[in-house]
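See structure below.
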Amino acid sequence: MSSNSRHKPQGPLARWARFAATNPWKVISGWIVIIVAAVFLANSFGADYAATFELPGSETQKAVSVLQEKFPSAAGDSATIVIQAKSGTVTDADIQAQMQQLVSDAAALPEVVGIVMPADIVTDASALPESVMALPSDQGGASYISEDGTIAYLSVQYATSAIEVDPASITSLFDLVDGANSDTLTVEVGGQVASMGEFPELGSSEIYGVIAAMIIMLVMFGSVIAMGLPIITAIVGVGIATIVTPLFANWFTMSSDITSAFLSMMGLGVGIDYALFIVNRYRDNLLHGMDKEDAVAVAINTSGRSVAFAGTTVAIGLLGLSVIGIPFVTGIGIAGSTVVVISVLVAIFLMPAILGLVGTSILKWRIPGLGRGDGSRDSIWFKWGRFLQSRPGVISILTVILLAALATPTLDMHLGLSDEGNNPESMHTRRAYDLMAEGFGPGSNGPLLIVMESDQGFTEESMGDIYAQVVEVDGVAAALPQMNEDGSAMILMITPTTGPQDTATEDLIHTLRDDFIPDVTNGTDIVAYVGGSTAANIDLSEILSSRMVQFFAVVIGLSMVVLLVVFRSIFVPIKAAITTLASVGAAFGAMVAVFQWGWMQGLLGIDGTGPIESFMPVILFGVLFGLSMDYEVFLLSRVHEEHAHGVNARASMLDGVGYSGKVVAAAGAIMASVFLSFVLGDVRMIQMMGFGLGFAILVDAFIVRLILVPTVMTLVGEAGWWMPNWLQKVLPNINVEGETDLDLDELDADAIPAD
């Protein structure tokens with residue numbers, strides 16, 4: 001059938017698509033100019049990502065503020081050099097001689113402003129540089145040496161936060177530690193500065209996700225060219241987002257730990273999916289006999305619109321993270337929404353030029369036996385749809401039971417923060433963590449900090465009294481007091497008896513805040529705060545809990561409004577919200593089973609159990625709620641299109657599964673592959689995020705959208721598309737499907753031209 005006999009789609013998107021298809025090099029040149037401009041702006045005005053996160057208004061943040069004002073020398077981050085004698089003790093004469101040189105060299109490292117250490121491990125403490133505080137045994141030095149005398153540690157203080165330390169300075173630290181290892185000594189280094197130096201470069205694990213995506217699309221399309229186009233545009237989108245995101249770091253806190261990984265996850269996932277949807281429609285248009293320009297115009301005017309609305313729901317979910325009010329969480333949302341918006345723009349405004357350049361070659365370079373007959377009513381997807389509609393009630397009930405079972409471990413979820421003990425043993429920081437735990441107990445790796453200030457000031461006597469009281473608190477293994485120069489503030493570094501991820505350590509923090517501090521400050525002008533990473537985790541959890549309902553309401557509410565406008569149905573947005581919550585619950589349950597309980601860790605290459613990252617539930621919810629709406633739009637846009645043209649609810653739902661099931665399945669498999677590829681990395685936080693999102697997408701695409709939604713929509717029938725007349729008149733009329741008179745029943749797989 002000639003394209004001239006068809007109704008040509010009109011409107012700005014269609015006109016743009018025709019222009020881009022007929023002038024591809026002009027459009028591509030324009031994008032090159034945009035990329036060059038983005039590079040210039042980022043290099044000129046971009047800011048660094050942050051290594052830490054703030055918790056405005058929390059007790060932890062107040063403790064940090066006092067430190068910055070009263071103890072500026074301790075306001076920067078530190079590294080911990082741990083020394084173990086392979087034989088004898090660290091106070092043996094031959095060990096002392098080596099340690100004398102090690103401490104002097106450490107004090108001379110770039111950007112190091114001070115070292116705190118035990119005096120007993122060197123031959124002559126008076127000969128050390130002035131920046132070294134060598135503590136005698138009776139003045140706290142004993143707490144730096146293990147009871148058996150085999151392990152000691154140095155606290156190496158830097159003037160700035162870890163992110164601001166020059167990478168060359170961190171390399172010098174590692175070189176010093178590596179060089180200090182000998183036949184008699186084992187030397188390792190941990191702490192914030194060392195962690196910054198060992199954060200792995202991203203890029204290798206994503207390759208496996210991209211390879212998996214290529215295989216899936218090759219099976220789907222049966223064409224090498226069709227397979228390659230979504231990969232190209234997704235990489236362009238990630239590249240542009242990576243370039244421009246540092247511009248937002250001028251106004252928002254972008255975490256250096258996860259921003260880059262999150263950009264890659266989201267960019268590759270949505271970029272491939274959005275391009276896939278458009279390429280699939282373009283390919284089908286060509287198979288119907290359309291010429292290149294009309295095929296591009298129809299693809300952009302139909303699938304392009306769906307991509308725009310799908311991207312809107314994802315951006316809403318990500319921007320909703322700002323409701324939490326935690327700067328680094330807001331930064332993740334900003335970074336994620338940036339790459340999503342750019343991916344949508346690339347799909348709509350660059351893809352038509354590439355399609356125009358490729359033309360009908362997209363149907364060539366085929367793999368024999370692949371990509372044929374997928375639009376026929378005898379295809380596997382139509383057969384699947386008929387099976388679902390044959391027993392919708394039973395299948396719905398069984399699916400709900402399965403989702404409930406997957407979500408059950410969520411009831412045992414314990415929120416916390418990963419520490420260096422979750423790093424692989426190949427890292428200095430993990431080995432240092434293990435040595436500290438061996439020599440000083442598990443609490444040595446998660447010290448707490450009580451920060452006190454007083455207008456009347458502290459004395460050696462009052463500081464001693466406070467110290468005597470705190471060491472009597474259950475759960476405190478040791479304490480080290482320190483007073484600033486003018487006596488206006490003091491700090492107590494507390495070593496708990498339990499590890500930083502132990503719930504007993506959280507109980508200790510509550511005891512210090514609720515009992516110890518009120519007792520010590522009663523009748524005085526002393527103001528005290530408990531800080532440290534474990535305390536920050538408690539504050540983070542409390543902030544998240546207090547704002548969770550508001551966050552859920554914003555994300556769910558806005559997403560439902562978008563679906564209400566797009567599909568003009570009361571039931572569809574309600575059903576979408578409930579089923580997406582089911583996907584979220586299943587993902588939470590899987591994360592608990594794997595990362596907290598330890599199930600299947602050997603198979604997945606994950607090392608060690610621990611808590612679920614405190615901020616992971618809100619990020620996973622925000623991301624998944626948006627992405628699941630993608631599949632809702634991809635699936636139901638076809639159903640709505642058929643129903644709007646008079647096809648009954650049951651038949652239109654069958655057409656939705658038959659024609660769009662392939663795209664939803666491929667898109668879900670691709671995005672899950674990209675996310676799950678990050679499990680292959682070494683950072684537990686990134687592994688957890690990749691696994692959680694990947695598992696959630698698999699559940700949402702294959703169980704919820706391709707099983708539960710079709711059966712439920714079949715059960716409710718025409719009621720699923722009901723909307724009161726007054727609401728029909730109030731809502732704006734947005735046509736997400738665009739205008740086309742394509743009849744996909746005419747598709748003839750044998751019409752694919754020969755190579």
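Scanning the range 286-340 for residues that are without any contact (Cβ under 8 Å) to a residue 24 or more places away in the chain and of a type outside the set (A, V, I, L, M, F, W, C) yields a total of 2. Tell me, yes or no, whether the range 350-367 has at least one residue that is at pLDDT 80 or above, in contact with a helix residue (DSSP H, G or I) (Cβ under 7 Å, 6 or more places away or on another chain), assigned to a loop (DSSP other than H, G, I, E, B) and outside the structural domain of GLY446 (by TED's automatic domain parsing). Checked against the condition, which is being at pLDDT 80 or above, in contact with a helix residue (DSSP H, G or I) (Cβ under 7 Å, 6 or more places away or on another chain), assigned to a loop (DSSP other than H, G, I, E, B) and outside the structural domain of GLY446 (by TED's automatic domain parsing), the range 350-367 yields at least one hit.
How do the helices (runs of 4 or more DSSP H) wholly within the range 368-482 filter down when requiring 3 or more residues that are under 32 Å from the mean Cα position of the chain (by Cα) and on the phi < 0 side of the Ramachandran plot: which remain?
Of the helices (runs of 4 or more DSSP H) lying wholly inside the range 368-482, those with at least 3 residues that are under 32 Å from the mean Cα position of the chain (by Cα) and on the phi < 0 side of the Ramachandran plot span 392-407, 428-440.
When you scan the range 600-623, do you find a residue that is within 19 Å of TYR274 (Cβ to Cβ), in contact (Cβ under 8 Å) with a residue 12 or more places away in the chain and in the same structural domain as GLY385 (by TED's automatic domain parsing), even just one? Yes, that holds for at least one residue. No other residue among PHE695, PHE678 is part of a helix (DSSP H, G or I) and over 26 Å from MET548 (Cα atoms) apart from PHE678. Quick check on the range 436-461: of everything there that is of a type in the set (Gly, Ala, Ser) and surrounded by fewer than 18 Cβ atoms within 10 Å (Cβ to Cβ), which residue is farthest from HIS510 (Cα to Cα)? By that ranking, first place goes to GLY457.
What do you reckon, is ALA489 in the same structural domain as ALA528 (by TED's automatic domain parsing), within 22 Å of ILE612 (Cα to Cα) and among the aliphatic types (A, V, I, L, M)?
Details: in the same structural domain as ALA528 (by TED's automatic domain parsing): yes; within 22 Å of ILE612 (Cα to Cα): no; among the aliphatic types (A, V, I, L, M): yes.
Here the answer is no, as ALA489 does not meet what is asked.
Could you look through the range 485-509, keep only residues that are surrounded by 19 or more Cβ atoms within 10 Å (Cβ to Cβ) and assigned to a loop (DSSP other than H, G, I, E, B), and pick out the one that is modelled with the highest pLDDT? Once the filter is applied, the top-ranked residue is THR498.
The set of residues in the range 409-419 that are modelled with pLDDT under 90, surrounded by 17 or more Cβ atoms within 10 Å (Cβ to Cβ) and farther than 26 Å from VAL66 by Cβ comprises LEU415, SER418.
The values are calculated or read from the model by the stated rules, or taken from the named source; none is laboratory data. Here the structure is a predicted model, which is why all the values come from computation and not from measurement. Neighbour counts run over all protein chains shown; Cβ positions are idealised from the backbone, glycine included.
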